[in-house]
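Bear in mind that the values in this text are calculations on the coordinates, not laboratory data. On a predicted model such as this, the values are computed, not experimentally measured, just so you know. Methodologically, a virtual Cβ is constructed for each residue, glycine included, from the backbone with ideal geometry; neighbour enumeration extends over all protein chains shown.
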Amino acid sequence: MSSAASASSSSDPRRPDCIVDYKPEVKRIEDDDPDVPGFVALVLAVVGLMIRNRTCLWIGMIFSVESYLNQRASEGGLMGSPAATILFSISSLVMNYLPELVALYSGVKI
């Protein structure tokens, strides 16, 4: 029986001298923080466009600027760049104010 035990241990492919201890990955605090202001800016821009509420649009614009100012250099988020969020907020504001501007210059009352 001892010969069978020694034969199985000699055929064991694992090498105890090559064992590497497990070390958990160190996460930074900023890695766990999602882009909440960018998400809020997009939601407010869409809601403001759908219900034509300018207050939502202006608050969304403020959140998009905040998202742009707080971005990291290595950011490649799911929602795109914060600059795209700013452009979306600006286009939402333009689309909301455009009917009044057209009516103002054409002389038609809304």
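Run the simple label-point estimate for V43 and N70 please: 7 Å along Cα→C-beta, distance reported in nm.
The answer from the label model is 1.4 nm.
Roughly how many nanometres apart are two label points built 7 Å out from the Cα toward the Cβ at L87 and Y22?
That separation, rounded to one decimal, is 4.5 nm.
Among 37-43, 49-55, 84-90, how do they line up from the highest to the lowest mean number of other beta-carbon atoms within 10 Å?
Averaged packing, sorted descending, gives the order 37-43, 84-90, 49-55.
Just to confirm a number: summing +1 for Lys and Arg and -1 for Asp and Glu over residues other than S92 whose beta-carbon lies under 12 angstrom from that of S92, what do you get?
Net charge in that neighbourhood comes out at +2.
Express in whole angstrom the spacing between the alpha-carbon centres of segment 45-61 and segment 85-110.
What the calculation gives is 13 Å, centre to centre.
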